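A.B. asks: Mind having a look at this structure? Questions to follow.
The values are calculated or read from the model by the stated rules, or taken from the named source; none is laboratory data. None of the values given here were measured: they were computed from a predicted structure. Here the Cβ positions follow ideal geometry from the backbone for every residue, glycine too, while neighbour counts run over all protein chains shown. Ligands, DNA and RNA are stripped out before the accessible areas are found, and what is left, the full protein with its side chains, is counted by its heavy atoms. Shrake-Rupley method; radii C 1.70, N 1.55, O 1.52, S 1.80 Å.
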Amino acid sequence: MAMHPSTRKWVFALAALGLLCAASSRVAPLDVQRESHKLVLPPLPEGIAQPSMLLRPLLAVGRAPVVAYLWMRASKLKEEKLYFDAYQLSQMICELQPRFASVWSFQAWNMAYNISVTLKSPEERWRWVRNGYELLRDQGIPMNPTNTQLYKELSWMLYHKVADIMDNEHWYYKLQFALQMEDILGRPPEDYVRPGRVRGDFYRNYNYQVLAVAPQNVEELLAVPDVERLSETIAGLEASQAQRQEEDPQVREAIEALEWLRDAGEQGVSPVRGFVERLREFGFDAAEEGVYLGLLASLRDGAVQLVGVEPGHYETRLHELKALMSDKATQNARLAIERYWRADRLRHEVKLDPERLVRLHEAFGMIFDYRLAEAHAVYWTSLGIEKGVDRQRAIDVHRLNTQRIVAYAVQRMFHRGRLAMSRNSEMGEPPLLSPDVRAIPVLFDTFIERSKEYLPFEKQQTPVSTNFITGFIGFVRRAILRYHEAGMQDEAQELFDFLRENYPDPMYLAGLDGFLVAQFLYDRDTDDMPRTLARIDALVGRALRLYAYDEDDDAVRCLARGKQIYDYYQANIISDRLEIPLTYGEIVERLTHRFGGTMYRETYERVCAKLGVEPLPVKGETTGSPGE
Amino acid sequence: MVEKHYWFMIMFGFGCLIGLVTLVYVVRRAFRREAGEIGGWELGGAGTRIAAVTRTTLAEGLRAKVASGFALLILVSIPIFWLTADGDGTIKGQVQMFMSYALGFTGFLLALLTILFSCRSLSIEVASRQIYSIASKPIPRWQILAGKWFGVMCLNVFLLALACGATYVGTRAIVSRFKQDLAHELELRGGLTPAQAANAVAVLDSVKGIGKHGAESPIVYAMADALGQPQNQVVETLLRLSEPTRVNLRRFDELRRQVLVSRASVSPKPPDLTEMVDERYEALKEEDRLPDGMTTGEIRKQIKADLMGDYCTIPPGGFRQPWRLQGPVPEQGSDYIMSLRFKVHVGGQLPAVRLPNGLTLEDDKLLCMWIIGDPTTPDFYEVRELFPVRSYEEFEIPVSCVEEDGTVSVMFGNIDPRRVDAVFDLPSGLEVRYGVGSFESNIFQAFLAILIPLTCLASFGVCASTFLSFPVGTLIVMALWAITSSMGFLQEALAVTSEYAPPDYSEFLFVLRRWIVDAIGWALAIGDCNPVDQLREGRAIGWMTLWANFWKFTLLKGGAVMFVGVLVFRRRELASVIV
């Protein structure tokens, strides 16, 4: 019997639906089997942007021609120097080949190295350098968390492009990198700077421990604290304190913060919610991203603005807000919110996990200054070494190169890892870098540790392998000088004794003082007036820069050394006509005015005030255009 | 050479003969009076009848929801591009990306729509026998096809006008949003009052003078005049702005003068080397140094290539005799900015070096010296800078260095201490660009230029629908469109680009291959200007180019294809005669 066409259609439709349902029911068991046979890729970590809706289906169908087209378009536009969509093209190419590490590294490298150098202004260059490493850091690595190559590429990019001096605009990159991190970590408190402590020490001793124990999300921040979990964390921290020879004040601060939360939790209240509600009355929702830290910044700059305030009540409300934000009773809640958001920015903006930072610092015995790209390079390198288990090879080149980057980065920290920001940094004045003596023990241990794998195959009985011996001895000699300059005589003596004992040399026979005299011989080899003056000029110039950057202790040391050279020369001249006709003070004053011309007026006046020199008056300003 | 490939030549000749016979047969049959057709080639009342078919075609298209589906896609995609186009993060990149993607995607969708709509226009009617109601009326077949073509194009014009309008509004909206943000930031960070901020932003539209970096930027002077403040105070205000905003300020000026305009360009004319080729050929002949195994033509070609190479190459430390480019007569006193665009090549990788004076010459950047204008007068303009090699670079030149008749004298000095030859790929590798119109005029020209390939595609589609079913016709036209769109890639893949010369290959076969690929390219080409790219770069499309494209692709090729379609349709038996 023939079926009516429309009936037949319905039968077929129902049959199709039935088959679809039947097939769908097999998906879950099939997935289980795929997982059991390791035929699936690891899921993307939470918070990582998934490939776009449009691209996802293409992962299965038609990917090759789209990828080929995008590559061709990217190459063509690059050849024509058209970069208006280069970043988005790169992203699309990578999203279509998400597990292909070489694609990620090529695209990142292309942006950071090839595209950036074709641009002229430092701002534009920096944009592309940043695009390059952010592509790897924010997308490539989260999608390929076990690929060592990507960690190595990222670390190298940060180290070579930002931290090193190979790019003509490296100062600009360093400045912007540091500014971003200062914004995330916050500025030091008003009363932070005091004799013996400079602004940069805030970042060199930053308490990442309190960020590590901060809540992981807003819900947790606003909820009644989980007493049991907090007690466990406190116990863990106290146990680690007990293992130390002396109490760590940072851990103590973290314990106190947790205890405050635990106490509130025991009473069954949220210690933060009340404060957040009160702040909402002023129009600031501290549970919203960016609001609370923005409020802190605007309060600091005096630029806070209230909205929706009735006319005539503005000043009163502003006063009430300031009172709330400086009330002792709300201090713990304010700190908790601030720490939460800073930790959140660290995790999401620069992808640094505070807990891992704490462990890293414990392993290296030093808190890194994350305003330096070197510190980030070390972080990503260590992460790559830990997580890079994707390839089982006899010699994993990427792994080896990744390890090397740690050594390079720490070495650079020793040479120029003490970063001082100008007060005019936001106006574009680059940071000042000087040696960071804190890196000496770290680098020393790195040499010792890395030698251990080679020493069993070597005949001599020294702590460092012959592979590294030249570099190591050179480093230790320089470290002795840096310790001496910093007034850390005990540490200098310890290193000197180590060197004399393990690597004997005639130059150590005269003891530490003799060694230092030999090292600073050129400061005494000053029988020539122009050369002496040039040396003094250099030292005074350095001192002026250090004063300008508020590194006063180092500036005083530079001036003192200049004075020593001056006095030594004046005392050893063989004829009066060789005498320097100016006093040391006059030389300093003259140079202050000369170098002051390259400084902002405020900086110049500040340096003059520190030196007790009268600043020169301001020159008349011109308003004419070049055509006039 | 022919003897070596005699079998191929015989077969090739045989194929040509068959093709010719077929063509003659088809033409003869086509012009025979057919009994089934009413009206033949008559023109009287054609307009009314074509309009009627156009209306029914449009109505049918709208009923079929193909057109409305594509229209919806276009209308949805443009706002999505507006929201998601970030470009390189600058205002210029954002506008360029938005324009490029919005119009590029619209062009792509309209091409698809044209193929689908035109291929189904007639074939569906024939298949569903609706054609009987039209064919039985007193309307010639060519008028039916013309009506179909106009129906398709009416829809295209409407949708493209909508897309261009949306792109224009979107572009202006991006600029307007940038200005609002800038004014806000000038108030918030720069410490200006709302009135001052508004003045400072308003003056951005009238900045004059060539673009420079930092405090020398003409933006600073313009703002200083608008605010009545000294330049250093304006600089300090600008330095307080966020870094992306500062970059955008400069990029906005570039956008205003390089993208949201219509700029034409002139390049140096290639020299006439005939005389020099003759001289050198004769000299070689006299010295009995003509290479063996090469024909006279090949030798002369080689000599010409060598001479052209010399002409385009500037040796280390050398200065090129000025190229003289004939541009338009400048309007004195107006904001008349020209720019020089060039691409310089060097052999191999250029390593980075540090000079004794501390200056670092970066890798793959050449230290160039450009002298624009007559150096014996005070009006000349000199640029001494490092420029990346192998990529297009552009810098602005003041109007003062242009001669009264519009001639621009351009001299290049290869002053790089690394001592490498600098080579220009002339004429495309060097051009002077100057403004000839507004952005509005350029977007209108882009609208017309995008239509031209669509007219051609519509002709192909309508022609295909006269003898093919909808799926087959669509597949074929789409395949042809894909081939013509990727012709550049095909030429590169088959190594037949004009720049490529085979090192060790039978010249005849290579020439034949190139000829065949070129012929296919020519036969399938539906347009030879790229309006989206030109609009994105602020380059004028030009009425001459539009006209040239129109007659070549719409009138000539589209007309020819439509003519073939008419011939086929006239021959087509729409209904079998049942006795």
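A.B. asks: Residues that are outside any helix (DSSP H, G or I) and either open to solvent by less than 20 Å² (accessible area, probe 1.4 Å) or in contact with a Leu (Cβ under 6 Å, 6 or more places away or on another chain) (or both): does the stretch A:523-545 have at least one?
C.D. replies: Within the stretch A:523-545, one or more residues are outside any helix (DSSP H, G or I) and either open to solvent by less than 20 Å² (accessible area, probe 1.4 Å) or in contact with a Leu (Cβ under 6 Å, 6 or more places away or on another chain) (or both).
A.B. asks: Ok, one more. Going residue by residue through the stretch B:212-224, is there one that turns out to be open to solvent by 30 Å² or more (accessible area, probe 1.4 Å) and under 20 Å from B:Arg341 (Cβ atoms)?
C.D. replies: yes
A.B. asks: Suppose the filter is in contact with an Asp or Glu (Cβ under 8 Å, 6 or more places away or on another chain) and either of a type in the set (S, T, N, Q) or at pLDDT below 85 (or both); does B:Asn530 pass it?
C.D. replies: When the stated conditions are applied, B:Asn530 does not pass them.
A.B. asks: Let me ask another. Please enumerate the residues belonging to the stretch B:72-98 that are of a type in the set (A, V, I, L, M) and either within 14 Å of chain A (Cβ to nearest Cβ) or open to solvent by 20 Å² or more (accessible area, probe 1.4 Å) (or both).
C.D. replies: Of everything in the stretch B:72-98, those that are of a type in the set (A, V, I, L, M) and either within 14 Å of chain A (Cβ to nearest Cβ) or open to solvent by 20 Å² or more (accessible area, probe 1.4 Å) (or both) turn out to be B:Leu72, B:Leu73, B:Leu75, B:Val76, B:Ile80, B:Leu83, B:Ala85, B:Ile91, B:Val95, B:Met97.
A.B. asks: Same structure again: Residue check, A:Glu362 against (1) open to solvent by 50 Å² or more (accessible area, probe 1.4 Å); (2) over 32 Å from the mean Cα position of the chain (by Cα); (3) more than 20 Å from A:Pro189 (Cβ to Cβ), all met but one. Which one?
C.D. replies: Tallying (1) open to solvent by 50 Å² or more (accessible area, probe 1.4 Å); (2) over 32 Å from the mean Cα position of the chain (by Cα); (3) more than 20 Å from A:Pro189 (Cβ to Cβ), A:Glu362 fails exactly one: (2).
A.B. asks: Follow-up question, since we're still on this one. Listed residues B:Leu227, B:Leu239; which is open to solvent by 20 Å² or more (accessible area, probe 1.4 Å), under 18 Å from A:Glu124 (Cβ atoms) and more than 37 Å from the chain's Cα centre (by Cα)?
C.D. replies: One residue alone meets the criteria, B:Leu239.
A.B. asks: Residue by residue through the stretch B:221-241, note down the ones that are outside any loop (DSSP other than H, G, I, E, B) and closer than 18 Å to B:His184 by Cα.
C.D. replies: Passing the criteria: B:Met223, B:Ala226, B:Leu227, B:Val234, B:Val235, B:Glu236, B:Thr237, B:Leu238, B:Leu239.
A.B. asks: Could you list all residues from the stretch A:444-461 that are among the hydroxyl-bearing types (Ser, Thr, Tyr) and either open to solvent by 30 Å² or more (accessible area, probe 1.4 Å) or touching a Leu at 6+ places or on another chain (Cβ under 6 Å) (or both)?
C.D. replies: A:Tyr454
A.B. asks: Just a yes or no: is a residue in the stretch A:157-171 outside the structural domain of A:Arg99 (by TED's automatic domain parsing), of a type in the set (A, V, I, L, M, F, W, C), at pLDDT 90 or above and touching a Gly at 6+ places or on another chain (Cβ under 7 Å)?
C.D. replies: Looking for residues that are outside the structural domain of A:Arg99 (by TED's automatic domain parsing), of a type in the set (A, V, I, L, M, F, W, C), at pLDDT 90 or above and touching a Gly at 6+ places or on another chain (Cβ under 7 Å), one finds none in the stretch A:157-171, hence no.
A.B. asks: Quick one: which of B:Gly347, B:Gly318, B:Gly358 is of a type in the set (Gly, Ala, Ser), within 24 Å of A:Thr118 (Cβ to Cβ) and more than 14 Å from chain A (Cβ to nearest Cβ)?
C.D. replies: Within the list B:Gly347, B:Gly318, B:Gly358, the selection yields B:Gly347.
A.B. asks: Could I ask something else about it? Being touching a residue at least 12 places away in the same chain (Cβ under 8 Å) and more than 14 Å from chain A (Cβ to nearest Cβ) is the filter here; which residues of the stretch B:361-378 pass it?
C.D. replies: B:Met369, B:Trp370, B:Ile371, B:Ile372, B:Gly373, B:Asp374, B:Pro375
A.B. asks: Right, something else. When residues of the stretch A:472-501 are filtered for being open to solvent by 40 Å² or more (accessible area, probe 1.4 Å) and in a helix (DSSP H, G or I), how many remain?
C.D. replies: 14
A.B. asks: Please state which one of B:Val261, B:Val247, B:Val266 is at the interface with chain A (Cβ under 10 Å from one of its Cβ atoms) and of a type in the set (A, V, I, L, M).
C.D. replies: The conditions single out B:Val247.
A.B. asks: While we're on this one: Are any residues in the stretch A:114-126 facing chain B (nearest Cβ under 10 Å) and either modelled with pLDDT of 90 or more or assigned to a helix (DSSP H, G or I) (or both), and if so, which ones?
C.D. replies: Result: A:Asn114, A:Ile115, A:Val117, A:Pro122, A:Glu123, A:Glu124, A:Trp126.
A.B. asks: Kindly list, by first and then second residue, each pair from a residue in the stretch A:577-605 that is over 19 Å from A:Ala534 (Cβ atoms) to a residue that is at pLDDT below 85, limited to pairs with Cβ atoms under 7 Å and residues at least 6 apart or on different chains.
C.D. replies: A:Arg601/A:Val618
A.B. asks: So, one more: Within the stretch A:127-145, count every residue that is surrounded by fewer than 22 Cβ atoms within 10 Å (Cβ to Cβ) and within 14 Å of another protein chain (Cβ to nearest Cβ).
C.D. replies: Selection size over the stretch A:127-145: 2.
A.B. asks: Further, regarding this structure: Does the stretch A:90-111 contain at least one residue that is touching a helix residue (DSSP H, G or I) at 6+ places or on another chain (Cβ under 9 Å), within 14 Å of chain B (Cβ to nearest Cβ), open to solvent by less than 30 Å² (accessible area, probe 1.4 Å) and in a loop (DSSP other than H, G, I, E, B)?
C.D. replies: no
A.B. asks: Follow-up question, since we're still on this one. For residues that are closer than 26 Å to B:Val329 by Cα and over 25 Å from the mean Cα position of the chain (by Cα), scanning just the stretch B:410-438, find the one that is surrounded by the fewest Cβ atoms within 10 Å (Cβ to Cβ).
C.D. replies: So, considering only residues that are closer than 26 Å to B:Val329 by Cα and over 25 Å from the mean Cα position of the chain (by Cα), the one surrounded by the fewest Cβ atoms within 10 Å (Cβ to Cβ) is B:Met411.
A.B. asks: In the list A:Tyr192, A:Tyr172, which residue meets the criterion of being open to solvent by 20 Å² or more (accessible area, probe 1.4 Å) and within 14 Å of another protein chain (Cβ to nearest Cβ)?
C.D. replies: After applying the criteria, what remains is A:Tyr172.
A.B. asks: Follow-up. Just checking, which of A:Leu258, A:Leu352, A:Leu318, A:Leu299 is modelled with pLDDT of 90 or more and in a helix (DSSP H, G or I)?
C.D. replies: Selected residue: A:Leu258, the only one of A:Leu258, A:Leu352, A:Leu318, A:Leu299 that is modelled with pLDDT of 90 or more and in a helix (DSSP H, G or I).
A.B. asks: Continuing with this model, one more query. Pairs needed: first member in the stretch A:57-86, closer than 23 Å to B:Val532 by Cβ and more than 10 Å from chain B (Cβ to nearest Cβ); second member anywhere, at pLDDT 80 or above and open to solvent by 50 Å² or more (accessible area, probe 1.4 Å); C-beta distance under 7 Å; at least 6 residues apart or different chains.
C.D. replies: Taking only residues 6 or more apart or on different chains, the pairs are A:Leu70/A:Met92.
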